[in-house]
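Below: one structure, written as structure tokens.
Every number in this text was worked out from the coordinates using simple rules, so none of it is lab data. Just so it is clear, the model here is predicted, and its values are computed rather than measured. When we count neighbours, we look across all protein chains shown, and the Cβ atoms used for this are built from the backbone with ideal geometry, even at glycine.
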Amino acid sequence: MASSGRPRVLEARPPAHVTPRGTLLLIHAFPANARLWEPQFALADEGWHVVAPHLRGFGDLDEGTPPDTRIDDYAADIEGLLRDLDVRQAVVGGLSMGGYTAFALYRRAPSLVRALILADTRAEADPPEARQNRLRLIEAARTGGVAAVADEMVPRLLGATTHARRPEVVARVRELIAESHPDAPIAALHAMMTRREATSLLGSVSVPTLVVVGDEDVLTPPALSEAMARGIPGAELVVVPGAGHYPNLEDPAAFNAAVAAFLGRL
Ligand code: MLT
């Protein structure tokens, strides 16, 4: 049941006629999987080798992961993946839990990170009440499986506009959640509730950084992203209107335009 080692990846390579620009590694949010990034594979057309790993147990009905997983385990898996792929430096993007993992990767192997994209994430650790909520959701996941996690999370993951106007996005998120091993959300909840704070890291981030957030995100409200962007020297902030916690899926055109403009300036 234990899983570790090289994560499975989805990837898209630039077309033959486009000059390669480098690797864009995208780390998914909880409780989705690497398929969350499907709309971003179009960025391969700009010359990027887009690599999206499934974190342990996510997107995999067959292989679980131990309940004492840490964010640093995810970061170690990704560091190993980049080294296996012989990637010396990547632009590292993380959405929410993927952002926590991007911070952990930057802390353990800064030379691997060419630039950061921090989407709908936060630098703070969990306060006590958030830990209590995690423990409650772990219990719900133990008894009700990934369906219970979806019931709890989906109403808050997507913005009000998406819930009202894009039922296909809501359905897609439910599908993504259903694709995971039941161990995966339990392990991830443990990983998130034990993560280190990253606020003390912000001032020393020395790579170009893009902070993105949906303006209807209720899980990581825009004010947190504004503060995070202010804390990182030279960081840019883009707010995606009409999107919630998954702006890359809720408004791929706006999200990809922000990312492409940022990548174009590297
Ligand atoms: C996520 O989207 O990865 C999670 O909602 C983050 C969190 O719960 O802290």
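One table, with the values for the structure above:
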read-out: P(r) tail fraction, the chain - alpha-carbon pairs more than 24 Å apart, %; value: 43
read-out: Dipole of the chain, positive end: most advanced residue of ALA141, VAL240, ALA102 [Cβ charges, Cα centre]; value: ALA102
read-out: Low-density loop positions, trypsin sites (Lys or Arg not before Pro), the range 1-90 - DSSP coil, at most 13 other Cβ in 10 Å; value: ARG88
read-out: Whole-number percent relative contact order across the chain, with pairs defined as alpha carbons under 8 Å at least 6 apart; value: 21
read-out: Share, in percent, of DSSP beta bridges within the chain that are antiparallel, nearest 5; value: 15
read-out: Label-point separation in nm, ASN133 to SER111, each point 7 Å along Cα→Cβ; value: 4.0
read-out: Length-normalised contact order for the range 57-184 - Cα pairs under 8 Å, 6+ apart - percent; value: 34
